[in-house]
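Asks: Following this message is one structure expressed as structure tokens.
The values are calculated or read from the model by the stated rules, or taken from the named source; none is laboratory data. Because the structure is a prediction, the values reported are computed rather than measured. In this analysis, Cβ positions are derived from the backbone assuming ideal geometry, glycine residues included, and neighbour counts consider all displayed protein chains. All accessible areas refer to the heavy atoms of the entire protein, side chains included, with ligands and DNA or RNA removed. Shrake-Rupley method; radii C 1.70, N 1.55, O 1.52, S 1.80 Å.
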Amino acid sequence: MGNLAEAIGKASAGTVGAGMPLLCWFEDCLKESLPLVGGKCASLGELIHAGVRVPPGFALTTEGYRRFMAGASLDREVAALLAGIEVADLDALEAASERIRSRIEAQPFPTELEDLVAEGYRKLGVRCCMPAVPVAVRSSATAEDLPDASFAGQQDTYLWIRGIDEVLAHVRRCISSLYTGRAIAYRAKNGYAEHDVAIAVGVQKMANSYTAGVMFTIHPANGDRSVIVIDSNFGFGESVVSGQVTPDHFVVNKITLDIIDRTVSCKEVCYTVDAKTQTSRLTDVPFERQKVQSLIDDEITELAWMGKRIEKHYGRPMDIEWAIDKDLPEGGNIFILQARPETVWSARSQTAVAGSSGTAMDYILSSLLKGKRVG
């Protein structure tokens, strides 16, 4: 870990050069690795060290990104194209973004980087006992998943990618998504200079989920810290995150892990893998399953327990994406795909949210003394 710590220090200082890893496995990442592997991959590594199940994978680091951009002088082209553009001029911004993204996606990787990513993908397949293992290719920017800025969703993620050629193509697409018009404007609005932001790209084993969704360790509607809120649907989590379906909704007492509220919705669509094309596609949920609860109670309880563990590790309310893998046996098939600080209620004072500071138990006791209904 000594060499990695040194590399992280160099990345934090913006240094580019020899001695910095171009590829890093998730289990070698910590929250301090953010300058090297970006917010998303640093968070995944931190979760592994916290004892939480995470699908395996690796990251092309920010040094790999810089090598790629510098090797073809793409960094200079980007700087030239963005020079003097006013972010309020949407037409000029989108035109520059389109040119930048096209150049990045058309530029092949240097041989060194291509070989490293190909070898990482091969090793991942060996670890998963699956050649041409399907993966999620996930952008991980250095200004992403931060407590003081909601950069989530600014860059792209691609699901169910198979084969090294497709992996490399989608890594370039993730890199190019750092330069969407929306992302450029958002950074400018929040005071992030372009040279201060870099991107890593995670390549992670795809969870073949029969149920997936999101979990908050604070109530997203009212800021109640005494509960955990879980939303779920059949298939992949895209339908929940994108709002394409009204998910099942569960509220769990954070102390006892009792389910104190449940709403089973009519879920008409979900994302599943197409057996022929091996891609994610939107499909209809069979009529007889639409009103069936997408999580059993034991799974809800285990998810809530994992949410508590993650919140305790980070010391703050968290926004978590999860999945239940149908290819693995019950008891070891619930995975955390992503965890980032909750940014809406966490930005407000604890006095305004809960009436007092402290733990969830403090809030519960305070509410009971006041005769206030909890949850």
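Asks: Between residue 281 and residue 328, what is the FRET efficiency for a Förster distance of 25 Å, r being their Cβ-Cβ separation, to the nearest 0.05?
Replies: The computed FRET efficiency comes out at 0.65.
Asks: How far apart, in nm, are two points set 7 Å out from the Cα along the Cα-to-Cβ line at residue 79 and at residue 190?
Replies: A separation of 2.4 nm, rounded to one decimal place.
Asks: Taking the Cβ-Cβ separation of residue 268 and residue 87 as r and a Förster radius of 25 Å, what is the calculated FRET efficiency to the nearest 0.05?
Replies: 0.05
Asks: Just to confirm my numbers, what's the Cα centroid distance between the stretch 197-252 and the stretch 98-139 in Å?
Replies: Here the two parts' Cα centres lie 26 Å apart.
Asks: Same structure, new question: If I model a spin label as a point 7 Å beyond the Cα along the Cα-Cβ vector, how far apart are those points for residue 182 and residue 165 in nm?
Replies: Result: 3.0 nm between the two label points.
Asks: I've got another one for you. What percentage of the solvent-accessible surface of the stretch 166-244, computed with a 1.4 Å probe over protein heavy atoms, is contributed by carbon and sulfur atoms?
Replies: 50 percent
Asks: When the convex hull of the C-alpha atoms of the stretch 165-204 is computed, what volume per residue in Å³ does it have?
Replies: Numbers: hull volume 2.8 nm³, N = 40.
Roughly 71 Å³ of hull volume per residue.
Asks: Same structure again: Quick one: check the C-alpha center-to-center distance for the stretch 45-88 versus the stretch 254-330, whole angstrom.
Replies: 30 Å
Asks: Further, regarding this structure: Measuring with a 1.4 Å probe in the full set of protein chains, what accessible area per residue, in whole Å², belongs to the stretch 209-347?
Replies: Spelled out: the 1.4 Å probe surface of the stretch 209-347, per residue, equals 44 Å².
Asks: Taking a 1.4 Å probe, which of 87, 229 shows the most accessible area, and what order do the others take after it?
Replies: On the way: 87 55, 229 5 Å².
Solvent-accessible surface, decreasing: 87, 229.
Asks: Stokes-Einstein diffusion coefficient for the stretch 209-347 at 25 °C in a medium of 0.890 mPa s, Rh from the Kirkwood formula over Cα pairs: what value in µm²/s?
Replies: Answer from the Stokes-Einstein relation: 161 µm²/s.
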